[in-house]
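Data block below; observations after.
The values are calculated or read from the model by the stated rules, or taken from the named source; none is laboratory data. Keep in mind the model is a prediction, meaning the values are calculated, not measured. FYI the Cβ positions are ideal-geometry reconstructions off the backbone, even for glycines, and counts take in every protein chain you see.
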Amino acid sequence: MSRPDFSQPTVLEKRYEIVLLFDVRHGNPNGDPDADNAPRVDPETGHGLVTDVAIKRKIRNFVGLTRNFESPNNIYVKERGILANEQRSAYRDLGIEPDGKSVDMARAWMCKNYFDVRTFGAVMTTGKAEVENDAAINAGKKPKGQTKLWNCGQVRGPVQFGFATSVDPITSIAHTITRVALTNPGDAGGEAVTDESGEEKAASGQMGRKHGVAYGLYRMHGFVSPFLAKQTQFTRQDMGTLLNALTNLFDHDRSATRGEMAVRGLWLFEHKDELGNAPAHKVLESVKLASVPSARSFAEYEAAGITAPANATQICDGGVTAWRYV
């Protein structure tokens, strides 16, 4: 049996759950700014954590990269972006002014043009930006003048993720590193020196720390609501785009800080009805992993045993069909 067809531009009509497995080797999957950017850890159990926000960021980056930030798959929450400017685009394109009667039109425009708004939702009730001056824009100048509140309403997205949690406790390791080149001559606390050729050099280097995990296998759950999909017009094509992004989550997101990260498992569970045919927790519990303390590879978890429904298998008395993508 072939996988579900997600090529159609029709609004999603069924409920879905997602199980995602990914691992990290000698890297930091999600640093905590309040802990010197060390990997996030549950303080009670020692299990590693990756926030839903971090995963959504990677999805946004992948979709933006592969779809060229163009409508209908533009990205609202861009890195270093100004959200008010994106909201202003809705009013400018529609040719309307921001008032209490135009919010619904602006919200619909945002859902139509931005993949992440349709998918994850957004709070777009705030955000002031300057009123664009056509003459200034045509002259290549930054528009200056009156600011307006470009209210595009609020959208609750049909796709929601929980935190990813490591299957076993992790050990965060801080590696001391050195820096041999400085930005400014006095950054190391001493005066610069001059060598025999007359070239200015730093008197010494600097030291720092790089946090990471030797190995960790993480599990994340996702939920897709057809009722919220109707509100944002989240389509089957969008679902296909989301699954493609999850499948290739780390392949275009490489960083020396993150080490080696890879998607190891991706299961999609499709209910027959939009209300669903089984509780979500029972569906998600059909994927079981054995504990492997101090594991250093995914192969060790495979050897210990991963229990999951075979592809196209019906579970929960036939009300849910399981599909494995990775």
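Looking at Glu86, Glu44, Glu70, just one residue is part of a loop (DSSP other than H, G, I, E, B), of a type in the set (D, E, K, R) and more than 30 Å from Ala174 (Cβ to Cβ), and that residue is Glu70. Checking Ala310, Ala295, Ala322 one by one, the residue that is in contact (Cβ under 8 Å) with a residue 12 or more places away in the chain and part of a strand (DSSP E or B) is Ala322 and no other. Restricting the range 37-47 to residues that are touching an Asp or Glu at 6+ places or on another chain (Cβ under 8 Å) and either modelled with pLDDT under 95 or not aliphatic (A, V, I, L, M) (or both), the residue that is farthest from Met220 (Cα to Cα) is Pro39.
When you check Gly222 against the structure, is it closer than 28 Å to Ser286 by Cα, surrounded by 14 or more Cβ atoms within 10 Å (Cβ to Cβ) and not hydrophobic (A, V, I, L, M, F, W, C), yes or no?
Values: closer than 28 Å to Ser286 by Cα: yes; surrounded by 14 or more Cβ atoms within 10 Å (Cβ to Cβ): yes; not hydrophobic (A, V, I, L, M, F, W, C): yes.
Yes.
Return the residues of the range 271-308 that are in contact with a Phe, Trp or Tyr (Cβ under 8 Å, 6 or more places away or on another chain), over 16 Å from Gly222 (Cβ atoms) and of a type in the set (Gly, Ala, Ser); say none if nothing qualifies. Correct list: Ala290, Ala295, Ser297.
Quick one: is Asp195 under 21 Å from the mean Cα position of the chain (by Cα), in the same structural domain as Gln8 (by TED's automatic domain parsing) and not polar (S, T, N, Q)? Against the criterion (under 21 Å from the mean Cα position of the chain (by Cα), in the same structural domain as Gln8 (by TED's automatic domain parsing) and not polar (S, T, N, Q)), Asp195 does not qualify. Within the range 54-63, not a single residue is farther than 18 Å from Gly157 by Cβ, part of a helix (DSSP H, G or I) and modelled with pLDDT of 95 or more. Scanning the range 305-321 for residues that are under 30 Å from Ile170 (Cα atoms), surrounded by 13 or more Cβ atoms within 10 Å (Cβ to Cβ) and either touching a Ser or Thr at 6+ places or on another chain (Cβ under 9 Å) or not hydrophobic (A, V, I, L, M, F, W, C) (or both) gives Ala308, Pro309.
Just for the range 8-37: of the residues that are under 19 Å from the mean Cα position of the chain (by Cα) and either assigned to a loop (DSSP other than H, G, I, E, B) or small (Gly, Ala, Ser) (or both), which one is surrounded by the fewest Cβ atoms within 10 Å (Cβ to Cβ)? Let's see the steps before the verdict.
The initial filter retains those residues of the range 8-37 that are under 19 Å from the mean Cα position of the chain (by Cα), namely 16-24, 27-33, 37.
From what is left, the residues that are either assigned to a loop (DSSP other than H, G, I, E, B) or small (Gly, Ala, Ser) (or both) are 27-31, 37.
Numbers: Gly27: 22, Asn28: 24, Pro29: 26, Asn30: 20, Gly31: 17, Asn37: 15.
So the residue we want is Asn37.
Scanning the range 274-292 for residues that are surrounded by fewer than 16 Cβ atoms within 10 Å (Cβ to Cβ) and part of a loop (DSSP other than H, G, I, E, B) returns Glu274, Leu275, Pro279, Glu285, Ala290, Ser291.
When the residues of the range 234-273 are filtered to those that are among the polar types (S, T, N, Q) and either in contact with an Asp or Glu (Cβ under 8 Å, 6 or more places away or on another chain) or buried (at least 18 other Cβ atoms within 10 Å of the Cβ) (or both), which remaining residue is farthest from Lys14 (Cα to Cα)?
Step one: list which residues in the range 234-273 are among the polar types (S, T, N, Q), which gives 235, 237, 241, 244, 247-248, 255, 257.
Applying the additional criterion that residues be either in contact with an Asp or Glu (Cβ under 8 Å, 6 or more places away or on another chain) or buried (at least 18 other Cβ atoms within 10 Å of the Cβ) (or both) yields 235, 241.
Numbers: Thr235: 11, Thr241: 16 Å.
Among those that are among the polar types (S, T, N, Q) and either in contact with an Asp or Glu (Cβ under 8 Å, 6 or more places away or on another chain) or buried (at least 18 other Cβ atoms within 10 Å of the Cβ) (or both), it is Thr241.
Is it the case that Gln154 is closer than 23 Å to Phe234 by Cβ, exposed (fewer than 14 other Cβ atoms within 10 Å of the Cβ) and at pLDDT 85 or above? The answer is yes for Gln154.
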